[in-house]
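Q: Okay, here's the structure, questions in a sec.
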Amino acid sequence: IDDENQVNKGDVLCPFDALAPISELFVAEINILELLPHKQIITPGYKAIMHLHTISEEVIITAVDGVYEHDGTGKEYIKKNPKYVKSGAKIIAKISTRIPVCLEKHEFIEHMGRFTLRDEGKTIALGKVLKYKPAEKKAEGAEDKEKLIQKIEQAQKEKAQAIKEKQAEDTKEEE
């Protein structure tokens with residue numbers, strides 16, 4: 001890196017041949033500590049601030065896939081798709097971020113796969129990344145190029161329509 005100003009908080013340095021994964025959607029195992037008195041349950045759509053390595057990012061719990069429960073013999077099992085969960089629960093949930101974040105499965109790189117969830121300044125949960133959906137990578141300026149291509153295509157369609165209309169007028173005048 002030529003200039004230290006190119007490195008920002010939350011950036012992860014990695015070799016070119018082994019890029020760190022980025023994602024906007026991941027599945028995590030979350031231990032809920034104590035929820036806020038006026039928000040005593042977590043349901044799909046719950047918003048919190050995730051602290052992962054050096055970043056703080058707003059996230060949405062998009063789905064609660066399961067909650068760990070104990071049967072009468074003390075064995076742990078997963079109850080699928082609960083409607084809500086309360087303080088003290090251990091859950092499996094899908095989490096989405098507003099922008100892609102650099103993360104890794106907890107089993108591969110622990111510090112890149114651990115996070116906390118905070119709400120109104122209070123830590124409400126601890127989590128670890130189980131799996132993630134890699135973010136689609138677009139080349140720098142790709143969105144601008146796509147918009148430009150769309151404008152060109154639209155202009156070509158309009159020009160073709162204008163030519164057809166002119167030919168139609170010329171044909172009527174000849175008759």
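Q: Hey, among the residues in region 40-74 that are open to solvent by 20 Å² or more (accessible area, probe 1.4 Å), out of contact with any Pro (no Cβ under 8 Å at 6 or more places or on another chain) and among the small types (Gly, Ala, Ser), which one's farthest from LEU117 (Cα to Cα)?
A: Among residues in region 40-74 that are open to solvent by 20 Å² or more (accessible area, probe 1.4 Å), out of contact with any Pro (no Cβ under 8 Å at 6 or more places or on another chain) and among the small types (Gly, Ala, Ser), the one farthest from LEU117 (Cα to Cα) is GLY72.
Q: Restricting attention to region 8-21, and to residues there that are open to solvent by 60 Å² or more (accessible area, probe 1.4 Å) and of a type in the set (A, V, I, L, M), which single residue is nearest to LYS131 (Cα to Cα)?
A: Across region 8-21, the extreme among qualifying residues is LEU19.
Q: Among the strands (runs of 3 or more DSSP E) confined wholly to region 75-138, which include 3 or more residues that are open to solvent by 60 Å² or more (accessible area, probe 1.4 Å) and farther than 19 Å from SER56 by Cβ?
A: Fully inside region 75-138 and qualifying: 76-80, 122-134.
Q: Filter region 28-60 down to residues that are closer than 15 Å to THR97 by Cα, among the hydrophobic types (A, V, I, L, M, F, W, C) and in contact with an Asp or Glu (Cβ under 7 Å, 6 or more places away or on another chain), then give me how many there are.
A: Selection size over region 28-60: 3.
Q: Next up: Does any residue in region 26-45 that is under 18 Å from THR62 (Cβ atoms) come within less than 7 Å, Cβ to Cβ, of a residue that is in a strand (DSSP E or B) and small (Gly, Ala, Ser) six or more places away or on a different chain, and which pairs are these?
A: If the second residue must be in a strand (DSSP E or B) and small (Gly, Ala, Ser), the pairs left are ALA28/ALA93; ALA28/GLY127; GLU29/GLY127; ILE30/ALA93; ILE30/ALA125; ILE30/GLY127; ILE32/ALA125; PRO44/ALA63.
The values are calculated or read from the model by the stated rules, or taken from the named source; none is laboratory data. Keep in mind that what you see is a predicted model, and the values were worked out from it rather than measured. Glycine also receives a Cβ, built like all others from the backbone with ideal geometry; neighbour counts cover every protein chain displayed. Areas reflect the complete protein model, heavy atoms only, side chains present, ligands, DNA and RNA absent. Shrake-Rupley method; radii C 1.70, N 1.55, O 1.52, S 1.80 Å.
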